[in-house]
Amino acid sequence: MYYCLGHQIEDEFWKEKFMAGYLFVHFIGEQKDGEQIYFSLSRDGLHFQDLNHGNPVLYSKTGTLGVRDPFPVRDPETGRFYLIATDLRIGSGTSWEDAQERGSRDLIVWESGDLVHWSTERACTVGIPKAGCVWAPEAVFDKEKGEFLVFFASMVRNQGDVLGKQRIYGAYTRDFIEFSETFLYMERENHVIDTTILESGGRYYRLSKDETEKVLILETADSLQGEFVRIDSPVLAELKGVEGPEGYLLPDGKTWCVIADQFAAGKGYLPMLTQDLGSGSFEILTPEQYDMGETKKRHGGILPITDEEYERLWAAFLSPDEKRR
């Protein structure tokens, strides 16, 4: 059995097949066309090359006419791909206050059978009526339920709240068309956004951003709906001004790469390595050890792909005069 993009890859055959390369789906910022869908490719998960001349591959022509925080996922049972994203375009002049308090309650969805040809995007309302936004949606396949758990951050002011607070909400879906009733998935004393979930060794590891302190928090549980316990991580505690955590296994099948968007410094993604997520210990790579490509990547998701999928993406989005790195 395999669960790509996170997560669990249980035998050597599938490790070799599904870690032949990596597709990085992301946006690049608030400039013109920056809040759309961009693709980059890598063989080793550490050195990426931009596709389509560094231009968007997909545009959102619905909702706010812009998207952020895109996240790709593969259906482990059908092989179909889904791409979900935040319906938000700060570059249009929207303030962050408006985006949080009065933003879209939709997530934007594309789907594909081959990663090259994509459906027209659709807007799916998943935010509860009181939600001010639906930010950074991600999905993980719940093998116990046979459905995807989709989770996202929403600013909600509940009864008794002096001010609204960012919490993580969730909903289940099988087809990214129909969704279950939305429920509260995670709440902390501080605001929490930007959550990703990884599976390793039969356990789940959850990374999320403390939006008040601007640091990442690592937790673990034995099931998606279980009680998550915080893992002490001095490295993450000292890494300030980061968001958009993502994680994936490198080609050796043993080393996890966790990346974080250094938004406060405007430096793009920073990779960190560990062979044991439960240890809380990470090696921060130096700039000489990785290359995220020419465009500055903002919050996105990385999908492990097969050799055939890798070559198909090169053929579709890399022009003949461009050289592979």
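The values are calculated or read from the model by the stated rules, or taken from the named source; none is laboratory data. The structure presented is a predicted model; accordingly, all values stated were derived computationally and were not measured. Virtual Cβ from ideal backbone geometry, glycine too; neighbours counted across all protein chains shown. The area values use the complete protein model at the heavy-atom level, side chains included, leaving out ligands, DNA and RNA. Shrake-Rupley method; radii C 1.70, N 1.55, O 1.52, S 1.80 Å.
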Practice task
Please tell me the relative contact order of the chain in percent, rounded to the nearest whole number, where contacts are Cα pairs under 8 Å and at least six residues apart.
Solution key: 19
Exercise for the section: Please get the size of the charge dipole for the chain, origin at its Cα centre, with Cβ charges of +1 on Lys and Arg and -1 on Asp and Glu, quoted in debye to the nearest 20. Expected result: 660
Handout entry: Candidates per GluC sites (Glu not before Pro) in the range 82-186, loop by DSSP, up to 15 other Cβ within 10 Å
Key = E144, E178, E181
Problem - Positive dipole terminus of the chain, leading residue within L313, Y82, G160 (C-beta point charges) - result: G160
Problem - Dipole of the chain, positive direction: furthest Cα of H299, S200, A264, with charges on the beta-carbon - result: A264
Problem - For the chain, projected area of the alpha-carbon convex hull averaged over all directions, nm² - result: 15.4
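Tell me what the chain gives for mean residue ellipticity at 222 nm when only DSSP H runs of n ≥ 4 count, each as -39,500 (n - 2.57), the sum divided by the residue total, rounded to 500 deg cm²/dmol.
After summing the helix terms and dividing by residue count, I get -2500 deg cm²/dmol.
For the range 241-325, what % of the accessible area comes from carbon and sulfur atoms, probe 1.4 Å?
Working: 1740 of 3700 Å².
Whole-percent figure for carbon plus sulfur exposure: 47.
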Handout entry: Å² per residue, accessible surface of the chain at 1.4 Å
Key = 42
Exercise for the section: Considering Cα pairs under 8 angstrom that are at least six residues apart, work out the relative contact order of the range 108-246 and quote it in whole percent. Expected result: 15
Handout entry: Under Karplus coefficients 6.51, -1.76 and 1.60, residue-wise ³J(HN,Hα) of the range 308-318 in Hz, glycine/proline x
Key = 4, 5, 4, 5, 5, 5, 4, 4, 7, 10, 10
Practice task
Counting only C-alpha contacts under 8 Å and six or more residues apart, can you give the relative contact order of the range 81-157 as a whole percent?
Solution key: 29
Handout entry: Cα-Cα over 26 Å, subset of K165/K214; K165/K267; K32/K267; K32/K61
Key = K165/K267
Practice task
In a Gaussian network model over the chain where Cα atoms closer than 10 Å are linked, find which of G45, G54, G226 has the largest mean-square fluctuation.
Solution key: G226
Problem - Candidates P271, P234, P251, ranked by Gaussian network fluctuation over the chain, Cα under 10 Å, top entry - result: P234
